[in-house]
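Structure record follows, encoded as structure tokens.
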Amino acid sequence: MTYISQILFFISLLAVIYFFTKRITRIRKNIQLGKPEDRSDNPSERFKIMAMVALGQKKMFDKPLVAFMHLVIYLGFLIINIEILEIVFDGLLGTHRLFAPFLGTFYPILIGIFEFLAVGVLVTCIIFLVRRNILKLKRFQAYELTKWPRTDANIILITEILLMLAFLTWNASDSVLQQRGVGHYANVNAGPFLFSQFLMPLFEGWSDTALIAYERFAWWFHILGVFAFSVYVTYSKHLHIFLAFPNTYFSKLAPKGKFQNMPVVTNEVKMMLGLPAEPAIETAPETPQPETPAEIGRFGAKDINDLTWKHLMDAYSCTECGRCTEACPANITGKKLSPRKIMMDTRDRVEEVGRSLEKGGPGIEDGKSLIDTYISREELLACTTCNACVQACPVNINPLDIIIELRRYMAMEDAKVPGSWGAMFSNIENNMAPWKFSPSDRFNWADKLKETPVNGNKE
Amino acid sequence: MSDTYKVPTMAEMMAEGKEPEILFWVGCAGSFDDRYKAVTIAFVKILNTVGINFAVLGPEESCTGDPARRAGNDFLFQMQAISNIQVLNGYNIKKIVTACPHCFNTIKNEYPELGGRYEVIHHSTFLQQLINEGRVKVKGGGEFKGKRITFHDSCYLGRANKIYEAPREVLAALDADLVEMKRSRAHGLCCGAGGSQMFKEAEPGKKEVNIERTEEALATGASVIASACPFCMTMLSDGVKNKEKEAQVKVYDIAELIAKSQGL
């Protein structure tokens, strides 16, 4: 009998490893659809950012109360997973609470800590569900957060609640069996535990058989739930629990105001101005330029393969919390732009292309594109580049970077910008200022000042 | 007759074989915008009074290219940037001060890759240094002593370059009652003009960004909204006008506040 359950357990473990690895490989490939970009510089600074922002959750604490609740779930996740280790060993070896004899009196303390966190996770998840579904927090009611994204969030919270309930009731039923000295349960003397002891009265009227059945059910439900959840996470917004770490490690280190340079453009501009370009070409200004300079690629981004891998990793790291959108001046004032939607659209498009490629489909060449099919130009034009979204993101996602790449496509490939921007461009070109003033009047402001006596006070 | 204010250009300096300690990059708004010209003049008066050896480019100055880059036109940006760098390098410029956070950000962060490496200082930091060194003294607090002032963070000064304290320290010298808006420093709300929004109509929405921000500024009860950016200045002044508060609430640049409190 135990062999059957051991075999079943082994098969489930292999299955979860298989599906998890397969999915991670797919996500890796999807992220690699982006253009290369070197972010391997300054490892010590990067480790520091990762330690502060991902491990230490520094940016979460802009909202201290939510940060505390999130911390409970985060610690619960990290620490309760130690218990998973014992459960996996028990499952494979057909043992029951394998670690108990080795840890002695420390074992109930350890389980007590797990239970403490489990109750914390349970309560917090209920509060989070209430915030989303009953209090209807504005952050979670946006137009991009309907249907699947909303269901996804609820599935995650409900699953966590069920897993914690299973864990606690498993401990309770197990403790009753231990006290009654039923079968092999008599050999383990670990319970009762910190919190589950209060659930024991629920089981006291049960027959031994019913209790054993429940204890096994709760054990299997919990571990299979954990397995299923770990695969589910890779398809959901919840992937931030892993990606927060690499994503913060590869954060942009330059000041937020610095936009990524386009070296391709630099070369062209230098050639136009008759300056030596990189690589240095000794050409006179009047030398005709080659028809098409060897494969320069697209200016800006039309689709996800024009973005860099970091933009795509950003998209997979987004957990749709909406702090970016909440801080966005365009969104606050009712414009269509939502930085969170930019990230969700980017991920949806990468997923679509990835799925197509997996099936041998057309991939990126399916007639769709990130701009227009997913993100409208109206959204892109509404951005003030204020960096509030970048500042707000708890895992250092940069929606602005993507917006700018798409704007570059609009302005340089498509040459479709609002008329007043076109006028501003030509003013800069012709008058050296974004407004239509004569360049020779630029210094007029000083005329009167130069005649004003220093000690004569006010003009 | 006493001396008049001096505004030497680089060309004049070079002709006389002199080299200024610092170049004052005026910027397009500082040169052409009627309201911001007053800021330029206020800053030049301070430079004159303190005796800073400075120069301007005058007619040789040109747009940094910031609005073009933020609007996605990197060709135009780089044309401007590389031409400007040629002029700046031609004059062997080492240090630049500017009263525009957009020019500041562009020259400081985006010119180096294109061959323009200078020490770039925003006028808020520059004024702060002058105050700390005791070279600018506000006698008896000046006319803003005890007045309620709120400072609006420019995105390109604040979040973009993490300069939050310098303008506040400049304001502290006025001995005024400095109050913060609900959203300030790293969480400050944009005025609505960045990212080239200055040069087009806003997209459809339920409100203008500058109105949202102005409401927040007015809620502090301040009689002066201090800014340190030409675009913020325009947006907030428009916002105050929209709210019909221009008689009670004034929008000033920090340089103007210092100049005014010194009777310049």
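Residues in the stretch B:186-219 that are more than 10 Å from chain A (Cβ to nearest Cβ) and crowded, with 16+ Cβ neighbours inside 10 Å were compared, and the one that is nearest to B:Lys241 (Cα to Cα) is B:Thr214. So, in the stretch B:19-45, of the ones that are in contact (Cβ under 8 Å) with a residue 12 or more places away in the chain and of a type in the set (Lys, Arg), which residue ends up farthest from B:Leu236 (Cα to Cα)? This residue is B:Lys45.
The set of residues from the stretch B:44-53 being under 15 Å from A:Lys450 (Cβ atoms) and open to solvent by less than 10 Å² (accessible area, probe 1.4 Å) comprises B:Val44, B:Leu47. Taking the stated definitions as given, is A:Glu451 facing chain B (nearest Cβ under 7 Å), open to solvent by 40 Å² or more (accessible area, probe 1.4 Å) and without any contact (Cβ under 8 Å) to a residue 12 or more places away in the chain? Taking the combined requirement at face value, the residue satisfies it.
Any chance you could count how many residues in the stretch B:76-87 are closer than 22 Å to B:Ala11 by Cα, at the interface with chain A (Cβ under 7 Å from one of its Cβ atoms) and open to solvent by less than 10 Å² (accessible area, probe 1.4 Å)? Matching residues across the stretch B:76-87 total 1.
The residues on offer are A:Ile397, A:Ile404, and the sole one that is over 21 Å from A:Tyr143 (Cα atoms), touching a Ser or Thr at 6+ places or on another chain (Cβ under 8 Å) and touching a residue at least 12 places away in the same chain (Cβ under 8 Å) is A:Ile404.
Within the stretch B:50-64, being within 7 Å of chain A (Cβ to nearest Cβ) and out of contact with any Cys (no Cβ under 7 Å at 6 or more places or on another chain) holds for B:Gly58, B:Pro59, B:Glu61, B:Ser62.
Considering the stretch A:391-441, and only residues there that are of a type in the set (A, V, I, L, M) and under 25 Å from the mean Cα position of the chain (by Cα), the residue that is farthest from A:Leu307 (Cα to Cα) turns out to be A:Ala392. All of A:Lys29, A:Lys35, A:Lys59 fail the test of being in contact (Cβ under 8 Å) with a residue 24 or more places away in the chain, within 29 Å of A:Val119 (Cα to Cα) and among the basic types (Lys, Arg), apart from A:Lys59. Can you tell me which residue is nearest to B:Ser196 (Cα to Cα) among those in the stretch A:306-359 that are in contact (Cβ under 8 Å) with a residue 24 or more places away in the chain and hydroxyl-bearing (Ser, Thr, Tyr)? It comes out as A:Ser338. Cβ-Cβ contacts under 7 Å between residues 6 or more apart (or on different chains), taken from a first residue in the stretch A:210-238 that is of a type outside the set (Gly, Ala, Ser) to a second residue that is buried (at least 20 other Cβ atoms within 10 Å of the Cβ) and assigned to a loop (DSSP other than H, G, I, E, B), are listed as A:Lys237/A:Cys318; A:Lys237/A:Thr319; A:Lys237/A:Glu320; A:His238/A:Thr319. Scanning the stretch A:239-264 for residues that are in contact (Cβ under 8 Å) with a residue 60 or more places away in the chain and outside any helix (DSSP H, G or I) yields A:Phe250, A:Ser251, A:Lys252, A:Leu253, A:Lys256, A:Gly257, A:Phe259, A:Gln260, A:Met262.
Among (1) part of a loop (DSSP other than H, G, I, E, B); (2) open to solvent by less than 30 Å² (accessible area, probe 1.4 Å); (3) at the interface with another protein chain (Cβ under 7 Å from one of its Cβ atoms), there is one condition A:Ile397 misses while meeting the rest; what is its number? All conditions are met except number (3). Exactly one residue among B:Glu143, B:Glu61, B:Glu119, B:Glu110 is within 30 Å of B:Thr4 (Cβ to Cβ), among the acidic types (Asp, Glu), open to solvent by less than 40 Å² (accessible area, probe 1.4 Å) and touching a residue at least 12 places away in the same chain (Cβ under 8 Å), and that residue is B:Glu61. Hey, could you check the stretch A:175-207 for residues that are among the small types (Gly, Ala, Ser) and outside any helix (DSSP H, G or I) and say which is farthest from A:Glu115 (Cα to Cα)? Among those that are among the small types (Gly, Ala, Ser) and outside any helix (DSSP H, G or I), it is A:Ser207.
The conditions of being at pLDDT below 95, more than 30 Å from A:Val350 (Cβ to Cβ), crowded, with 16+ Cβ neighbours inside 10 Å and of a type in the set (Val, Ile, Thr) are met by A:Ile80. All of A:Ala15, A:Ala54, A:Ala67 fail the test of being loosely packed, with under 15 Cβ neighbours inside 10 Å and not in a loop (DSSP other than H, G, I, E, B), apart from A:Ala15. On the stretch given as the stretch A:430-446, residues that are of a type in the set (Gly, Ala, Ser) and open to solvent by less than 20 Å² (accessible area, probe 1.4 Å) total 2.
As for the stretch B:14-28, it holds at least one residue that is assigned to a strand (DSSP E or B), farther than 25 Å from B:Ser196 by Cβ, more than 8 Å from chain A (Cβ to nearest Cβ) and open to solvent by less than 10 Å² (accessible area, probe 1.4 Å). Taking the criterion of being touching a residue at least 60 places away in the same chain (Cβ under 8 Å), small (Gly, Ala, Ser) and closer than 19 Å to A:Cys389 by Cβ, the residues of the stretch B:185-226 that qualify are B:Gly194, B:Gly195, B:Ser196.
Filtering the stretch B:66-75 to residues that are in contact (Cβ under 8 Å) with a residue 12 or more places away in the chain and facing chain A (nearest Cβ under 7 Å) leaves B:Pro67, B:Ala68, B:Arg69, B:Arg70, B:Ala71.
Looking across the stretch A:360-387, the residues that are part of a helix (DSSP H, G or I), open to solvent by 10 Å² or more (accessible area, probe 1.4 Å) and touching a residue at least 12 places away in the same chain (Cβ under 8 Å) come down to A:Thr373, A:Tyr374, A:Arg377, A:Glu378, A:Leu381.
Filtering the stretch A:407-429 to residues that are open to solvent by 70 Å² or more (accessible area, probe 1.4 Å) and modelled with pLDDT of 95 or more leaves only A:Glu429. Scanning the stretch A:329-354 for residues that are part of a loop (DSSP other than H, G, I, E, B) and open to solvent by less than 10 Å² (accessible area, probe 1.4 Å) yields A:Thr333, A:Leu337, A:Ser338. Collect the residues in the stretch A:99-111 that are in a helix (DSSP H, G or I) and surrounded by fewer than 17 Cβ atoms within 10 Å (Cβ to Cβ), keeping them in residue-number order. Hits for the stretch A:99-111 are A:Pro101, A:Phe102, A:Leu103, A:Phe106, A:Ile109. Of the residues screened, B:Val39 is not one that is open to solvent by less than 10 Å² (accessible area, probe 1.4 Å) and facing chain A (nearest Cβ under 8 Å). Of all residues in the stretch A:407-448, those being more than 7 Å from chain B (Cβ to nearest Cβ) and not in a loop (DSSP other than H, G, I, E, B) number 12. For A:Pro43, state whether it is open to solvent by 50 Å² or more (accessible area, probe 1.4 Å) and within 30 Å of A:Ile364 (Cα to Cα). No: the conditions fail for A:Pro43.
The values are calculated or read from the model by the stated rules, or taken from the named source; none is laboratory data. This is a predicted model, so every value here is computed, not measured. As a convention, Cβ positions derive from the backbone with ideal geometry for all residues, glycine included, and neighbour counts pool all protein chains shown. Note: accessible area is taken over every heavy atom of the protein model, side chains too, but ligands, DNA and RNA are not part of it. Shrake-Rupley method; radii C 1.70, N 1.55, O 1.52, S 1.80 Å.
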